[in-house]
Each structure stands twice: as structure tokens, then as C-alpha cells.
Amino acid sequence: MLQFVARRILYMIPTLIIVSIISFIIIQLPPGDYLTTVVTNLRATGETVDEATLAAMEQRYGLNQPIYVQYWKWITGILLRGDFGQSFEWNQPVSALIWGRLGLTFTMSLATLLFTWAVAFPVGIFSAVRQYSIGDYIATFIGYVGLAVPDFLLALILMYVAFKVFNQSVGGLFSPDYVDAPWSWSKVWDLLKHLWVPVLIIGTGGTAGLIRVMRANLLDELHKPYVVTARAKGMTEARLILKYPVRVALNPFVSTVGWTLPILVSGSAVVSIVLALPTTGPLLLRALMSQDMYLAGSFIMLLSVLTVIGTFISDILLAWLDPRIRLTQ
Amino acid sequence: MNKSDLLLDVIDLKTQFFTDDGIVRAVDGVSFQMKRGETLCIVGESGCGKTITARSILQILDYPGRVVDGQIFFHRVRLVDGKEVRQIIDLATLKTRGPEIRDIRGKDIAMIFQEPMTSLSPIHTIGNQIMEAIRLHLPVSKSEARERAIELLRRVGIPKPAERMDAYTFQLSGGMRQRAMIAMALSCGPSLLIADEPTTALDVTTQAQILDLLRELKDDLGMSIMLITHDLGVVAEMADDVVVMYLGVVAEQGNVVDVFHDPRHPYTQALLRSIPKYGLRTAGKRLDSIRGMVPDPYSRPTGCPYHPRCDRMIPDKCDRITPPTIQIGEDRVVSCLLYDVPGLPTRSYNAPQPALCEVR
Ligand SMILES: Nc1ncnc2c1ncn2[C@@H]1O[C@H](COP(=O)(O)OP(=O)(O)O)[C@@H](O)[C@H]1O
Ligand SMILES: [Mg+2]
């Protein structure tokens, strides 16, 4: 197993290098270099451009040097100093902008993932075991509705209902009192009180999808001979289903963890905008629209890294769950 | 037959599948008896309801299958506090998921299957699966169960049993897998082992080894074996009694020597004609295969289900009348209208025959 993990980590390295190169290319895509943008920008606001500042910047990003030197400066800056470059739109270091949002996004995504699994597992198992029962039909119907209704619509509906019926405003992740407050237990509690709305909205589509996946996987397994064997041993139905077919049906489930992670991070942009959430989605969208390339490129790279890490985690989980993968490499 | 020798008494068993396309009458009035300590072979072409008969006994039918009629009397003998407790249980009346039938599954009646690869979990070690079978029915600790499992693996001829405990199915050969499966089935000392085509998926050498093992275990442990097969060679080698099944009914039952020497049902006769004969020259003579095919389950012939393929079909009779079960000797029945004629001389079923399986 250890060997397996080590090999996987080794495989990750070239992938990560390629990801960083692509992100760097994206940053370089808009015409003109970074300095030109800064200068135009500053001129537009009527400020004078200090020659000394320009020279310092040129030095920092190696702009007068070949492209691979620029890349090298950029990537070592990130790795050694956590310096992702400057966002000209916000006139702040990218790192100052993204970490807080990334943390909240991650919290929200994790909560959504847990919600999705907590619902999709039992419902999917039930749907498969009681195939074509009324419960199965209801779950299937709700699932399709969940898949079909766009998230932003659900967000609007939920905001309306919350406001009309419960007289509660559901935008944002914090109450106004807590937005700028330092972290405390009451702030965490406030976060939890707001979190369920986006979790519910973002989670429905994924939950509905996972219910279908779980149901289909399990239906494939339920009539396998090893289930009959377990039954012939005298096990109770509930125990044998959880121990054997559900365990096997978990494999395709786990292999989806890899791509759920980045989808949860980026796919929630629309909902985040509707609900005014301080997460990464809206910021990424804005950065792309205003060609704030260091910010956008950094986001894209972090999302890609998350995908790679997610795939890594799902590979490890898969190997841990399934001896056929672990032992027959 | 001595009453206390009876192990299993199946009476008019009917099992049907209620599918969207109609009702499949997989088992349609099967009756047979099984004696304690014997090997009973159930033989017939594929699709004749052998597997479903076996599964009906344990009540492990897949949805939408159900035992709809009949009785399955299991004569259970258990040692309780050193005393023999005898009980006759009608398995057909037990709830399929109830505690009574679960108590019998794996403990009194165990089952092994055709495909050991797919019949064992691909992601659990064989040790895990055997220990689970032990601990389901016996009040032993984990380490005691482990010891017992290792002992079982040794008993079925698996080398280095302690190491093999942690092996997964894909790490074992076909023969070893089937041995592990047998070890699991034996784990609680069943009085009846149902083996559904246990050697069909194996190569010939391994097949012979597994059959030898089964025979040896049966004698050592004093259990009975219900062996399901489509291979008359296996029947000749293993059986005490044989039940010939065709399309969900029993065509013929009797002692294996009697049935092989003097097959009565035209289906049995055709089956015997279709195998190479031991000790007889077959050069120049091609083997007969049975005319036609097993009809599809939705279009069962009326009357005798075998009549469309039968060489001795009586027109206007076999296609209309369902043949009764005719007792033609002690422990010997046939279900064929040829023998339903009053005044027809009943042949002595035990008449000495010149050679085994002589072509009639
Ligand atoms: N799950 C099922 N649904 C519908 N029909 C079935 C099912 N399982 C078995 N059958 C039918 O029952 C009949 C007997 O099958 P089986 O007992 O498996 O035959 P075999 O003698 O080869 O073991 C077949 O006609 C088969 O089509
Ligand atoms: Mg079969």
C-alpha cells in the first residue's frame, strides 16, 4: 500500500508541472505584458507612473528576460514565498485575496460533499434494494427534478421562501455583524446558520446524480452470485447487503471524488453570485472579465491542483477499498 | 425406506417467476426424496429447473421468483446439549427472510455454486468470508473462528492454509477457489450439502479432484450431498440415487444403477444415448444428441413437456395428458404415459443387465 501511495505521488509531479505551465500561459495570453496593463491602468486613473516602481516590477517578474525565466520566477515565487503576483484590479497581492475565500469555499464544498453523500447513500441503496417500489419512484422523481432545476432558480426560490415565510435573509455566509469580526465560536455558529442554504442549493444536483449512480451500481451488484452465497450462509439481508454489494458498488462512487472537488469549487459560481457569497466563484468570474490575469491564472492553477489532489485521494481510497487495484499493479 | 433415514422429502414443489412477460413455471410439481448419508444427483439439460429446485429448498430465489406450492420437509437432527433433537420442518412455509430459515441456511443445509470466482466476494479475503460463516452460527471467538477456518482449509486440501486465509479470490486458482468455497460450506457441519454444478467451470483434472474431495468429505463427515449436474459421467461416478429433471418436472427417479441399466423415461434413454459409453467401442458410431432443444420457458408444451422431442410420443395422448408419477418399484418412479397403461407388463426394474449403460 505504501509503495502504491509513493508511486501515485511520483505520478502527480509531472501533472502538476504541466498544470502550472498551462496556468502561466493563460496569464500571458492577453496582449501586452503585465507592465503595459499596469501602466495603461494607472494612466487611466490619472496617476503618474513612477519609473523606479516600474523598474522594480520589471526586476521582480523578470519581464525583460526570456519567457522560461519569467515562468521560473513566477513558480518559485509561489512555491517559496507564496507570492502569486499582483492583482491590478484590486491593487493587492493575489495571495491576500484568495486564501480567505478559498478557505470559505472549501468549507462550503466539504459541507456540500458530506450533505450529498449523507443523502445519496441511503436513498440510492434504498432505491436499488426496493427497485420499482413507490419509494423508489418518489426518490427517482425528486432526483430528476433536482437534476433538472438549475441551481440559480433554486437559490432564488429558497431566498424568496426564506424571506417570505421565515422572515430571514439568506444572502451571504455571515450576518452583517460578523462579516468583519475576528473568528470566534459565535462567528462559526453564524456561519453554520447561513451555510445550509448554499449547501442545499449546490448539493441537490450532485445528490440527485449520485443517487442515480449509487442505484445503478448497486443494481448491477445485487444479483451477483456472491450475494446469493452470503444469503445461503444465513446472514440477515441488511447486513449482507451492506457488507458485500454496497462495498463493491462503492468503487465507481469513490472514483468520482476526484472531479467532485473542483466542480464544487468552481461550479458554485452562479449560486454564489445570486446569494452574494464571499467564495472563489464570483471573484474568478470577475477576474476573467476584467483580464486580471495573475488573479485568474492563480485561481485556475489552484483549481487544477485541487483536481489533481482529488484524483490522488480517490485513487488512494479506491486502492484501500479494493484489493484488486491494490495488489494487481 | 426406513422413516428415520429420510432427510429431505420434497412434495409437488412449484416455483414460478412472475416476470413482466408472463409467468415462468421454472419448477412445476417436483417430488423426490433424499436419504440421510446418500449422494443424490439431479441431472438434466440446462434450463430444466435444477438450480431453481435447489434454491427453493433454501428459499434463496431471486426476485421475482417464489415458491407457490408444495412442501419441502427437512428432517433435521441436531445435537442440543449432547442430546439428539429430531424435527421435521416444512421449509416451504418459512418466511424467506425470517430467522428460522436463516438458522438453517449455512448450518444444517449449506450450498456451493458453479462459479467459485464470482460466488465469493472479490474484495474480502477468503479467511474473512469463512470466519463470518462460522461466527454466524457458532458461539466462538474471533481467534477460535480463525483456527477453525484454517483447519477447514487444510481439510479441503489447500496448502499453507494459514497464509491462504489472507488471500483474495483473484489470487487463487479455480480449483483452490472451489476448495475454499467447500471449506466455507462445511464450516458449521451441515447435514446436507447442495452442490450446484460445482465442477462445471473447472478443467477436467481439477474436476476429478474436487469430486474425489466431495466424496471423501461426505464419508468422513457423514453428510448428504445433493449434486446438481448436466454431466452423466459425474452422475455415474458420484450418485447413489438420481433424479432426472426435464422442464421443471421429474422425469424419472431411482437408484443410479437401476436408472443407468434400465432407463424408463424416453428422456433418460435419450440422455444416456448422448454420452460416450465407458468400455464400449464408439468408433464409427456417432453419438446421438437429443432431437430438438429445450423450449423457451414461456411456451411450455401442454401435456407431457417432453412430447415434442420424444421418439415414442403417443399422438393425441402425450400432448394432452399430463403424465402422473408412476411408482414402478421400490424407490423408483417414472413420469411417462407409456407406463400408464393398465395391463402393460411391468418389467422387473432390477433385471440383471449385461453391461453398464448398454445402448437400448
Ligand atoms: N430470475 C429469473 N427470472 C425468470 N426466469 C428465471 C429466473 N431464473 C431462472 N429462471 C427460469 O427458470 C428455469 C429454470 O432455470 P434453472 O433452474 O436455472 O435451470 P438449470 O436446470 O439449468 O439449473 C429456466 O427456464 C429459467 O429461464
Ligand atoms: Mg443451473
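Filtering segment B:181-203 to residues that are within 16 Å of ligand 1 (Cβ to nearest atom) and more than 14 Å from chain A (Cβ to nearest Cβ) leaves only B:Thr199. Would you confirm whether any residue within segment B:179-202 is within 27 Å of the chain's Cα centre (by Cα) and without any contact (Cβ under 8 Å) to a residue 12 or more places away in the chain? Checking segment B:179-202: not a single residue is within 27 Å of the chain's Cα centre (by Cα) and without any contact (Cβ under 8 Å) to a residue 12 or more places away in the chain. Scanning for something within 16 Å of ligand 1 (Cβ to nearest atom), under 24 Å from the mean Cα position of the chain (by Cα) and touching a residue at least 60 places away in the same chain (Cβ under 8 Å), does segment B:146-167 turn up at least one residue? No, that holds for no residue. Answer yes if at least one residue in segment B:204-218 is away from chain A (no Cβ under 14 Å) and within 16 Å of ligand 2 (Cβ to nearest atom), and no otherwise. No, that holds for no residue. Among the residues making up segment B:61-103, those that are surrounded by fewer than 22 Cβ atoms within 10 Å (Cβ to Cβ) and closer than 19 Å to B:Ser187 by Cβ are B:Arg76, B:Val77, B:Arg78, B:Leu79, B:Ile101, B:Asp103.
Restricting to segment B:50-85, count the residues that are away from ligand 2 (no atom under 16 Å from the Cβ), in contact (Cβ under 8 Å) with a residue 12 or more places away in the chain and of a type outside the set (S, T, N, Q). Even if it seems obvious, please write down each step before you answer.
Residues of segment B:50-85 away from ligand 2 (no atom under 16 Å from the Cβ): B:59, B:63-64, B:66-85.
Filter once more, keeping what is in contact (Cβ under 8 Å) with a residue 12 or more places away in the chain: B:59, B:64, B:66-78.
Filter once more, keeping what is of a type outside the set (S, T, N, Q): B:64, B:66-70, B:72-78.
Looking only at that region, the number is 13.
Only residues that are over 13 Å from the mean Cα position of the chain (by Cα) and part of a helix (DSSP H, G or I) were counted across segment A:290-312, and they come to 7.
Rundown of residues vs (1) in the same structural domain as A:Leu317 (by TED's automatic domain parsing); (2) under 29 Å from the mean Cα position of the chain (by Cα); (3) over 21 Å from A:Thr307 (Cβ atoms), yes/no style:
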| residue | (1), (2), (3) |
| --- | --- |
| A:Lys187 | yes, yes, yes |
| A:Val197 | yes, yes, yes |
| A:Ala238 | yes, no, yes |
| A:Ala249 | yes, yes, yes |
| A:Ala269 | yes, yes, no |
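Would segment A:17-35 turn up any residue that is touching a strand residue (DSSP E or B) at 6+ places or on another chain (Cβ under 8 Å) and on the phi > 0 side of the Ramachandran plot? Checked against the condition, which is being touching a strand residue (DSSP E or B) at 6+ places or on another chain (Cβ under 8 Å) and on the phi > 0 side of the Ramachandran plot, segment A:17-35 yields no hits at all.
Check A:Ser304, A:Ser266, A:Ser314, A:Ser298 and return the single one that is at pLDDT below 80, touching a helix residue (DSSP H, G or I) at 6+ places or on another chain (Cβ under 6 Å) and not acidic (Asp, Glu). Unique residue meeting the criteria: A:Ser266.
A single member of B:Leu247, B:Leu221 is away from every other protein chain (no Cβ under 14 Å), away from ligand 1 (no atom under 16 Å from the Cβ) and more than 12 Å from the chain's Cα centre (by Cα), and it is B:Leu221. Note on segment A:188-210: among residues that are small (Gly, Ala, Ser) and modelled with pLDDT of 85 or more, the one that is surrounded by the most Cβ atoms within 10 Å (Cβ to Cβ) is A:Gly203.
Here is a yes/no grid of residues against (1) away from ligand 1 (no atom under 16 Å from the Cβ); (2) within 14 Å of chain A (Cβ to nearest Cβ); (3) of a type in the set (Val, Ile, Thr):
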| site | (1), (2), (3) |
| --- | --- |
| B:Phe18 | no, yes, no |
| B:Ser31 | yes, no, no |
| B:Ile42 | no, no, yes |
| B:Lys50 | no, no, no |
| B:Leu58 | no, yes, no |
| B:Gly70 | no, no, no |
| B:Leu79 | yes, no, no |
| B:Gln87 | yes, no, no |
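Within segment B:3-49, being within 16 Å of ligand 2 (Cβ to nearest atom), surrounded by 18 or more Cβ atoms within 10 Å (Cβ to Cβ) and of a type in the set (S, T, N, Q) holds for one residue alone: B:Thr15.
Could you tell me which residue of segment B:118-149 is surrounded by the fewest Cβ atoms within 10 Å (Cβ to Cβ), considering only residues that are within 11 Å of chain A (Cβ to nearest Cβ) and small (Gly, Ala, Ser)?
Checking each candidate, the answer is B:Ser121.
Elements of the type helices (runs of 4 or more DSSP H) sitting completely within segment A:210-289 and holding at least 3 residues that are within 14 Å of chain B (Cβ to nearest Cβ) and either free of Cβ contacts under 8 Å to residues at least 40 places away in the same chain or closer than 22 Å to B:Thr125 by Cβ (or both): these cover A:225-233, A:237-243, A:245-254. Yes or no: segment B:105-114 includes at least one residue that is within 7 Å of another protein chain (Cβ to nearest Cβ) and charged (D, E, K, R). Yes, because at least one residue in segment B:105-114 is within 7 Å of another protein chain (Cβ to nearest Cβ) and charged (D, E, K, R). Working only within segment A:41-60, note down all residues that are of a type in the set (S, T, N, Q), at pLDDT below 75 and either in contact with a Cys (Cβ under 6 Å, 6 or more places away or on another chain) or part of a helix (DSSP H, G or I) (or both). Within segment A:41-60, A:Asn41 is the sole residue that qualifies.
The values are calculated or read from the model by the stated rules, or taken from the named source; none is laboratory data. Every value quoted in this text rests on a predicted model; they were computed, and no experiment measured them. Note that each Cβ is placed from the backbone with ideal geometry, even for glycine, and that neighbours are counted across all protein chains shown.
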